[in-house]
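**Q** Right, I'll just put the structure down here and ask away after.
The values are calculated or read from the model by the stated rules, or taken from the named source; none is laboratory data. Note that the structure is a prediction, hence the values are computed from the model and not measured. FYI the Cβ positions are ideal-geometry reconstructions off the backbone, even for glycines, and counts take in every protein chain you see.
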(Lines give C-alpha, C1' and ligand atoms only; values in the text may rest on other atoms or scores of the structure.)
Protein backbone atom coordinates (compact mmCIF):
# COMPACT_ATOMS: atom_id res chain seq x y z
CA UNK A 1 0.00 0.00 0.00
CA UNK A 2 1.15 3.53 -0.72
CA UNK A 3 1.99 5.65 2.34
CA UNK A 4 1.11 9.35 2.23
CA UNK A 5 3.82 12.00 2.77
CA UNK A 6 2.00 13.31 5.85
CA UNK A 7 1.98 9.84 7.33
CA UNK A 8 5.67 9.39 6.60
CA UNK A 9 6.54 12.69 8.19
CA UNK A 10 4.63 11.76 11.28
CA UNK A 11 6.20 8.34 11.62
CA UNK A 12 8.08 7.58 14.88
CA UNK A 13 11.27 7.00 12.94
CA UNK A 14 11.28 10.45 11.40
CA UNK A 15 10.44 12.06 14.73
CA UNK A 16 13.47 10.32 16.27
CA UNK A 17 15.74 11.60 13.51
CA UNK A 18 14.59 15.20 14.01
CA UNK A 19 15.02 14.87 17.75
CA UNK A 20 18.61 13.72 17.29
CA UNK A 21 19.30 16.60 14.87
CA UNK A 22 17.95 19.12 17.39
CA UNK A 23 20.03 17.56 20.11
CA UNK A 24 23.11 17.82 17.92
CA UNK A 25 22.57 21.60 17.29
CA UNK A 26 21.98 22.22 20.97
CA UNK A 27 25.13 20.34 21.88
CA UNK A 28 27.22 22.57 19.59
CA UNK A 29 25.70 25.70 21.11
CA UNK A 30 26.40 24.51 24.64
CA UNK A 31 29.99 23.65 23.74
CA UNK A 32 30.57 27.16 22.32
CA UNK A 33 29.09 28.81 25.40
CA UNK A 34 31.26 26.71 27.68
CA UNK A 35 34.36 27.67 25.65
CA UNK A 36 33.54 31.38 25.93
CA UNK A 37 33.02 31.11 29.68
CA UNK A 38 36.27 29.21 30.03
CA UNK A 39 38.20 31.91 28.07
CA UNK A 40 36.68 34.66 30.22
CA UNK A 41 37.67 32.93 33.43
CA UNK A 42 41.28 32.39 32.32
CA UNK A 43 44.06 34.73 33.52
CA UNK A 44 44.90 37.13 30.63
CA UNK A 45 47.29 39.37 32.58
CA UNK A 46 50.06 38.65 30.11
CA UNK A 47 47.92 39.74 27.16
CA UNK A 48 46.96 42.99 28.90
CA UNK A 49 50.62 43.68 29.70
CA UNK A 50 51.49 43.31 26.02
CA UNK A 51 48.75 45.78 25.09
CA UNK A 52 50.01 48.24 27.72
CA UNK A 53 53.55 47.95 26.39
CA UNK A 54 52.36 48.63 22.86
CA UNK A 55 50.36 51.66 23.99
CA UNK A 56 53.43 52.99 25.82
CA UNK A 57 55.53 52.65 22.68
CA UNK A 58 52.89 54.41 20.58
CA UNK A 59 52.66 57.21 23.14
CA UNK A 60 56.43 57.66 23.13
CA UNK A 61 56.42 57.87 19.32
CA UNK A 62 53.68 60.50 19.41
CA UNK A 63 55.60 62.57 21.96
CA UNK A 64 58.73 62.46 19.80
CA UNK A 65 56.69 63.44 16.75
CA UNK A 66 55.22 66.43 18.61
CA UNK A 67 58.70 67.50 19.71
CA UNK A 68 59.96 67.33 16.12
CA UNK A 69 57.03 69.40 14.88
CA UNK A 70 57.51 72.00 17.64
CA UNK A 71 61.24 72.24 16.91
CA UNK A 72 60.53 72.96 13.26
CA UNK A 73 58.20 75.85 14.09
CA UNK A 74 60.31 77.15 16.98
CA UNK A 75 60.56 80.95 16.50
CA UNK A 76 64.31 81.02 17.19
CA UNK A 77 64.90 78.32 14.58
CA UNK A 78 62.75 80.18 12.04
CA UNK A 79 64.75 83.38 12.66
CA UNK A 80 68.04 81.54 12.16
CA UNK A 81 66.80 80.04 8.90
CA UNK A 82 65.66 83.44 7.62
CA UNK A 83 68.94 85.05 8.66
CA UNK A 84 70.88 82.38 6.77
CA UNK A 85 68.71 82.97 3.71
CA UNK A 86 69.37 86.72 4.00
CA UNK A 87 73.14 86.09 4.06
CA UNK A 88 72.91 83.94 0.94
CA UNK A 89 70.87 86.64 -0.80
CA UNK A 90 73.42 89.26 0.21
CA UNK A 91 76.24 87.19 -1.29
CA UNK A 92 74.39 86.34 -4.50
CA UNK A 93 72.70 89.70 -4.92
CA UNK A 94 68.99 90.46 -5.20
CA UNK A 95 68.98 91.29 -8.88
CA UNK A 96 67.41 94.66 -8.10
CA UNK A 97 68.81 98.17 -8.16
CA UNK A 98 70.07 100.12 -5.14
CA UNK A 99 66.76 101.92 -4.75
CA UNK A 100 64.60 98.84 -5.32
CA UNK A 101 62.97 96.26 -3.07
CA UNK A 102 63.16 92.57 -3.98
CA UNK A 103 59.77 90.92 -3.50
CA UNK A 104 61.40 87.50 -3.25
CA UNK A 105 59.63 84.16 -3.24
CA UNK A 106 59.24 81.87 -6.24
CA UNK A 107 58.37 84.81 -8.50
CA UNK A 108 61.12 87.45 -8.02
CA UNK A 109 60.15 91.04 -8.71
CA UNK A 110 61.66 94.48 -8.08
CA UNK A 111 59.63 97.48 -6.92
CA UNK A 112 60.76 100.91 -5.79
CA UNK A 113 61.66 101.39 -2.13
CA UNK A 114 59.16 104.24 -1.85
CA UNK A 115 56.37 101.78 -2.68
CA UNK A 116 57.10 99.61 0.36
CA UNK A 117 54.47 99.90 3.12
CA UNK A 118 52.45 102.52 1.23
CA UNK A 119 49.23 100.57 1.75
CA UNK A 120 49.13 99.18 -1.79
CA UNK A 121 50.42 95.73 -2.76
CA UNK A 122 52.85 96.34 -5.59
CA UNK A 123 54.56 92.94 -5.33
CA UNK A 124 52.58 90.11 -6.87
CA UNK A 125 53.07 88.15 -3.64
CA UNK A 126 52.32 91.16 -1.40
CA UNK A 127 55.77 91.11 0.21
CA UNK A 128 56.09 94.90 0.08
CA UNK A 129 53.21 95.21 2.57
CA UNK A 130 54.03 92.18 4.73
CA UNK A 131 56.42 93.77 7.28
CA UNK A 132 55.43 97.32 8.12
CA UNK A 133 56.07 97.43 11.86
CA UNK A 134 59.15 99.25 13.16
CA UNK A 135 61.31 96.58 14.88
CA UNK A 136 62.66 99.21 17.27
CA UNK A 137 61.00 100.73 20.31
CA UNK A 138 61.80 103.53 22.72
CA UNK A 139 64.31 102.38 25.32
CA UNK A 140 66.05 99.79 23.13
CA UNK A 141 69.81 99.85 23.67
CA UNK A 142 72.23 98.45 21.10
CA UNK A 143 75.85 97.79 22.02
CA UNK A 144 78.40 98.07 19.23
CA UNK A 145 81.76 96.30 19.03
CA UNK A 146 84.37 97.59 16.64
CA UNK A 147 85.43 95.54 13.63
CA UNK A 148 87.62 98.29 12.17
CA UNK A 149 87.78 102.07 12.43
CA UNK A 150 89.82 104.23 10.08
CA UNK A 151 88.11 107.56 10.54
CA UNK A 152 86.47 108.44 13.88
CA UNK A 153 88.31 110.71 16.28
CA UNK A 154 87.59 108.79 19.49
CA UNK A 155 88.22 105.28 18.12
CA UNK A 156 85.89 103.55 20.63
CA UNK A 157 86.10 99.79 20.91
CA UNK A 158 82.61 99.58 22.41
CA UNK A 159 79.76 102.10 22.40
CA UNK A 160 75.97 102.20 22.57
CA UNK A 161 73.05 103.92 21.01
CA UNK A 162 69.67 104.12 22.76
CA UNK A 163 66.38 104.71 20.95
CA UNK A 164 64.63 107.74 22.45
CA UNK A 165 61.70 108.28 20.06
CA UNK A 166 60.04 106.77 16.98
CA UNK A 167 57.64 108.54 14.65
CA UNK A 168 55.89 106.34 12.10
CA UNK A 169 53.88 109.05 10.34
CA UNK A 170 56.25 110.74 7.96
CA UNK A 171 56.00 112.27 4.50
CA UNK A 172 56.75 108.81 3.09
CA UNK A 173 55.17 105.70 4.63
CA UNK A 174 58.21 103.70 3.54
CA UNK A 175 60.21 105.31 6.35
CA UNK A 176 59.90 105.93 10.09
CA UNK A 177 61.72 108.73 11.90
CA UNK A 178 64.06 107.59 14.67
CA UNK A 179 65.80 109.53 17.43
CA UNK A 180 68.58 108.12 19.57
CA UNK A 181 71.50 108.97 21.84
CA UNK A 182 74.99 107.79 20.98
CA UNK A 183 77.00 107.12 24.14
CA UNK A 184 80.66 106.15 24.19
CA UNK A 185 83.55 105.75 26.56
CA UNK A 186 86.92 106.19 24.94
CA UNK A 187 90.63 106.37 25.60
CA UNK A 188 92.68 107.95 22.83
CA UNK A 189 95.97 107.40 24.62
CA UNK A 190 95.99 110.91 26.02
CA UNK A 191 92.54 111.53 27.48
CA UNK A 192 89.88 109.23 28.87
CA UNK A 193 86.49 110.59 27.97
CA UNK A 194 82.75 110.16 27.82
CA UNK A 195 80.59 111.47 25.01
CA UNK A 196 76.85 111.57 24.38
CA UNK A 197 75.62 112.69 20.97
CA UNK A 198 71.97 113.07 19.87
CA UNK A 199 71.11 111.26 16.65
CA UNK A 200 68.25 111.69 14.20
CA UNK A 201 67.59 109.41 11.27
CA UNK A 202 65.19 107.30 9.25
CA UNK A 203 64.37 103.59 9.36
CA UNK A 204 63.63 102.10 5.93
CA UNK A 205 61.08 99.27 5.80
CA UNK A 206 62.44 98.24 2.41
CA UNK A 207 66.09 97.87 3.45
CA UNK A 208 65.63 97.17 7.19
CA UNK A 209 68.23 99.84 7.81
CA UNK A 210 68.31 102.88 10.09
CA UNK A 211 70.47 105.74 8.80
CA UNK A 212 71.44 108.59 11.13
CA UNK A 213 72.56 111.98 9.90
CA UNK A 214 76.10 113.06 10.92
CA UNK A 215 75.97 114.38 14.52
CA UNK A 216 79.24 116.35 14.30
CA UNK A 217 81.07 118.59 11.86
CA UNK A 218 83.28 115.73 10.66
CA UNK A 219 80.32 114.67 8.49
CA UNK A 220 80.59 111.02 9.50
CA UNK A 221 77.20 109.33 9.48
CA UNK A 222 76.25 106.09 11.23
CA UNK A 223 73.89 103.45 9.86
CA UNK A 224 72.83 100.06 11.16
CA UNK A 225 71.37 97.38 8.90
CA UNK A 226 69.26 94.41 10.08
CA UNK A 227 68.91 91.25 8.01
CA UNK A 228 65.11 91.39 8.05
CA UNK A 229 64.74 88.38 10.37
CA UNK A 230 66.88 88.95 13.47
CA UNK A 231 66.15 92.40 14.84
CA UNK A 232 68.40 91.90 17.87
CA UNK A 233 71.50 92.36 15.72
CA UNK A 234 72.54 94.87 13.08
CA UNK A 235 75.71 95.70 11.18
CA UNK A 236 76.80 99.28 11.79
CA UNK A 237 78.83 101.32 9.33
CA UNK A 238 80.30 104.79 9.53
CA UNK A 239 80.49 106.51 6.15
CA UNK A 240 82.00 109.67 4.76
CA UNK A 241 80.07 112.10 2.56
CA UNK A 242 81.45 110.26 -0.44
CA UNK A 243 79.71 107.05 0.67
CA UNK A 244 82.96 105.31 1.61
CA UNK A 245 82.69 102.98 4.60
CA UNK A 246 85.52 103.88 6.96
CA UNK A 247 84.40 102.06 10.12
CA UNK A 248 82.38 98.95 10.87
CA UNK A 249 80.71 97.74 14.07
CA UNK A 250 78.49 94.83 15.09
CA UNK A 251 75.57 95.90 17.28
CA UNK A 252 73.49 93.61 19.47
CA UNK A 253 70.47 94.57 21.52
CA UNK A 254 71.01 94.53 25.27
CA UNK A 255 68.26 92.79 27.26
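**Q** Please note which strands (runs of 3 or more DSSP E) are completely contained in region 106-172 and include at least 1 residues that are in contact with a helix residue (DSSP H, G or I) (Cβ under 6 Å, 6 or more places away or on another chain).
**A** Correct list: 110-112.
**Q** Okay, next question. Considering only residues that are assigned to a strand (DSSP E or B) and more than 22 Å from the chain's Cα centre (by Cα), look in region 89-105 and name the one that is surrounded by the fewest Cβ atoms within 10 Å (Cβ to Cβ).
**A** 100
**Q** Still on this structure, I have one more. Give the residues of region 180-215 that are exposed (fewer than 14 other Cβ atoms within 10 Å of the Cβ) and touching a strand residue (DSSP E or B) at 6+ places or on another chain (Cβ under 7 Å), sorted by residue number.
**A** 193, 194, 196, 198, 200, 213
Rundown of residues vs (1) modelled with pLDDT of 95 or more; (2) within 20 Å of residue 252 (Cβ to Cβ); (3) outside the structural domain of residue 114 (by TED's automatic domain parsing), yes/no style:
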{"position": "148", "(1), (2), (3)": "yes, yes, yes"}
{"position": "153", "(1), (2), (3)": "no, no, yes"}
{"position": "157", "(1), (2), (3)": "no, yes, yes"}
{"position": "163", "(1), (2), (3)": "yes, yes, yes"}
{"position": "169", "(1), (2), (3)": "no, no, yes"}
{"position": "173", "(1), (2), (3)": "no, no, yes"}
{"position": "178", "(1), (2), (3)": "yes, yes, yes"}
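**Q** In region 163-177, what residues are in contact with a strand residue (DSSP E or B) (Cβ under 8 Å, 6 or more places away or on another chain) and over 13 Å from residue 224 (Cβ atoms)?
**A** Correct list: 164, 165, 166, 167, 168, 170, 174, 175, 176, 177.
**Q** Failed condition for residue 229, given (1) under 30 Å from residue 129 (Cβ atoms); (2) in contact with a strand residue (DSSP E or B) (Cβ under 6 Å, 6 or more places away or on another chain), with all others met?
**A** All conditions are met except number (2).
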